Amino acid sequence: MQNSIIKSLAFLLIIFLVYFLWTYLGPWSLVIFWFLCGLIDVLRHKTLTRKVIKQYFTGKGILTWFLSPINLFTDLISPKNLHVYNIEDMPADLQSEILEVKNLFDKNISNITQRFENADSSRTMLFYKWYDKNLDNQIPEFNREFKYVKTIGVSLFKEKTSTSRHFGPLRISFRMLYNFNKAQNPGSYIEADGNINAWKDKSLFIFDDTLIHQSFSKEDNVRYCAFIDIIRPSYAYPIMSFLLMIVSFFMIRVRGIFYKNWQMI
């Protein structure tokens, strides 16, 4: 509760400051507002460096910066952000959906991997659902309406393939990754703002992907990873669901921008 009060007061202070500056600067006060929101947002990083700040404001974090007012608002109506989560940290009904989707991946491994037989790119992506819009119906169970699960996809990493460091755009949802073909060696892992998860040791990883992160596959084996977005647990699910519905209208149309370096099935 104390954490929420502090966040609310800081956000209100910014709004009052912008209102005061509007008298003298007019629309330029909005630039100050967006900069302050971005600054608060990027300062959450535990691994904060000049390079991270530069990437946030001038590189791959620009969209995250643009959406920072929305992301900070979701912080106000949500419990403290742990950055990295276990299933047990989630509400019971969300845990149930996570386990259901996880079991569906385990059940359909052969069906899923066959879809990638002709993939010749080092990184290939298949989406069954993207922000609640069904895109592929070969596994009908993925197309049902979930309360929390809004994106379901699969990424294939060929041997010795990694991503660049990047930021996700939205904190309305959290990212869940599941290495369902079970990596056997320690060279495949993800690093999210200093938190390292080796897929060999823990096949499921839930995190706030608006923090800078990077995936590594340094082994001589391919790696399949389920790619799932879940609505962030909050004190006001209807508001979060409405915000995601509004934002998804635009996200559905720009999916290619996020995955321009991936081959799509």
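Remark: pairs (first residue in the range 91-116, in the same structural domain as residue 224 (by TED's automatic domain parsing); second residue exposed (fewer than 15 other Cβ atoms within 10 Å of the Cβ) and part of a helix (DSSP H, G or I); Cβ separation under 7 Å; 6+ apart in sequence or on different chains) = 95/87; 98/87; 104/141.
Scanning the range 161-184 turns up one or more residues that are of a type in the set (S, T, N, Q), outside the structural domain of residue 71 (by TED's automatic domain parsing), in contact (Cβ under 8 Å) with a residue 60 or more places away in the chain and surrounded by fewer than 16 Cβ atoms within 10 Å (Cβ to Cβ).
Checked against the criterion of being closer than 19 Å to residue 146 by Cβ and not in a loop (DSSP other than H, G, I, E, B), the range 182-195 has no qualifying residue.
Considering 146, 142, 180, 205, the condition of being within 13 Å of the chain's Cα centre (by Cα) and among the hydrophobic types (A, V, I, L, M, F, W, C) is satisfied by 205 alone. The residue that is modelled with the lowest pLDDT, counting only those in the range 215-243 that are in contact with a strand residue (DSSP E or B) (Cβ under 7 Å, 6 or more places away or on another chain) and polar (S, T, N, Q), is 217. Of the candidates 102, 133, the single residue that is at pLDDT 95 or above, surrounded by fewer than 20 Cβ atoms within 10 Å (Cβ to Cβ) and within 25 Å of residue 248 (Cβ to Cβ) is 102. For the range 78-119, residues that are farther than 15 Å from residue 140 by Cα and among the β-branched types (Val, Ile, Thr) total 4.
Among the residues of the range 196-219, the ones that are surrounded by 15 or more Cβ atoms within 10 Å (Cβ to Cβ) and part of a strand (DSSP E or B) come to 10 in all. Taking the range 75-121 as the range and being assigned to a loop (DSSP other than H, G, I, E, B) and either in contact with a Pro (Cβ under 8 Å, 6 or more places away or on another chain) or farther than 30 Å from residue 42 by Cβ (or both) as the test, the residues that pass are 78, 79, 90, 91, 108, 115, 116, 117, 118, 119, 120, 121. Quick check: is even one residue across the range 202-214 modelled with pLDDT under 90, in the same structural domain as residue 90 (by TED's automatic domain parsing) and either under 26 Å from residue 48 (Cβ atoms) or not basic (Lys, Arg) (or both)? Within the range 202-214, none of the residues are modelled with pLDDT under 90, in the same structural domain as residue 90 (by TED's automatic domain parsing) and either under 26 Å from residue 48 (Cβ atoms) or not basic (Lys, Arg) (or both).
Against the conditions (1) closer than 17 Å to residue 231 by Cβ; (2) exposed (fewer than 14 other Cβ atoms within 10 Å of the Cβ); (3) of a type in the set (A, V, I, L, M, F, W, C), residue 146 satisfies every one except (2).
The values are calculated or read from the model by the stated rules, or taken from the named source; none is laboratory data. Keep in mind that what you see is a predicted model, and the values were worked out from it rather than measured. We place every Cβ from the backbone using ideal geometry, glycine too, and count neighbours over all the protein chains shown.
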